[in-house]
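To keep things clear, I will list the structure first and then write my remarks on it.
The values are calculated or read from the model by the stated rules, or taken from the named source; none is laboratory data. None of the values given here were measured: they were computed from a predicted structure. In this analysis, Cβ positions are derived from the backbone assuming ideal geometry, glycine residues included, and neighbour counts consider all displayed protein chains. Just so you know, the surface numbers come from the protein's heavy atoms only, side chains and all, with ligands and any DNA or RNA stripped out. Shrake-Rupley method; radii C 1.70, N 1.55, O 1.52, S 1.80 Å.
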Amino acid sequence: GPAGPGAPPQVYRTAVGERATVTLADGSRLLLNTASEVKVDYSPARRGLQLVSGEAWFDVAKDSARPFVVSAGRHTVTAVGTSFDVRRETAGLRVAVVEGRVVVDALGRGRLSEVRAGERIDVSGETAVLRPSGPVAGDWREGRIEFAAATLSEAAAEMNRYRRTPIVVTDPAIARMRVSGVFYAGENSGFLDALPLTHPVIVEVGEDAVRIRPAASDK
C-alpha cells in the first residue's frame, strides 16, 4: 500500500541509454531519461522529489493543497499542475516547461523565476537566463532528439548522453558547423550515418571513441 509517514524515499534509476516510466501515488507520471536517478519522498503536505542526476520529465496531477517540488542540488522547481522537464548540468540545471508554468528558486535564495509553457531557464553558476526552448529539443520521451541549427559540438554532447562510446570532435572548425534534423537517441541513432552525407567530415569508429575529422579537401 502507500508508504506511511517516515517511510524511506523510493529511488528510481536508469542506466546509460535506458528510459523508464513510473506512475506515482498521486497519479503524477515520472519519466527518467538516460543515466538518471530520482528520489520520491511524498508527505501529506508536500509532494517532494529529488533529481539526484540526469534528467526527468514530470507530468503533474493537479492538487493545489500539496505542492509538487523537485529539488536538484541547491535549486528547487515548484509546480501545481503542469508538465515540465528538469536536467542537471555540471554547473547547474535546465528546466523546460511544455504545459502550465513552474516557479524556479535557483540556489535556494528565494529569488523566484516563473517559467511558462514554451520557455526554459538555464541556471549556471550564479546566473539564471530565461529563454525560448533552445537548439536542442525534440521528445526524448519518445527516444527522439531534434537539432535546430545546433553546433556539431552541442549535438555530439547531446548524443553522448545516450552512448557508451563517446563521439569526439577535436577540430574547432568542425565543432562550429551547424546541424539540423531529428535523430533517435542511442548507439544506432542514424546521426553518425547522416553526418558525412551533409557535412565535409569523416567518421572514424575506434575502440574507445568515435572521432569526427575534417574530410580531405584535395579532391
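With respect to Asp26, is the statement that it is touching a strand residue (DSSP E or B) at 6+ places or on another chain (Cβ under 9 Å) and touching a residue at least 40 places away in the same chain (Cβ under 8 Å) true? When the stated conditions are applied, Asp26 passes them. Within the set Ala20, Ala79, the sole residue that is surrounded by 14 or more Cβ atoms within 10 Å (Cβ to Cβ), aliphatic (A, V, I, L, M) and closer than 24 Å to Pro166 by Cα turns out to be Ala20. Scanning the stretch 54-76 for residues that are part of a strand (DSSP E or B) and touching a residue at least 40 places away in the same chain (Cβ under 8 Å) returns Glu55, Trp57, Phe68, His75. Looking only at residues in the stretch 199-218 that are more than 20 Å from Thr165 (Cβ to Cβ) and open to solvent by 100 Å² or more (accessible area, probe 1.4 Å), the one that is farthest from the chain's Cα centre (by Cα) is Asp218.
Out of Leu51, Leu31, one residue alone is touching a helix residue (DSSP H, G or I) at 6+ places or on another chain (Cβ under 6 Å), aliphatic (A, V, I, L, M) and in contact (Cβ under 8 Å) with a residue 24 or more places away in the chain. It is Leu31. Among the residues making up the stretch 87-127, those that are surrounded by 19 or more Cβ atoms within 10 Å (Cβ to Cβ) and touching a helix residue (DSSP H, G or I) at 6+ places or on another chain (Cβ under 9 Å) are Gly92, Leu93, Ile121, Val123.
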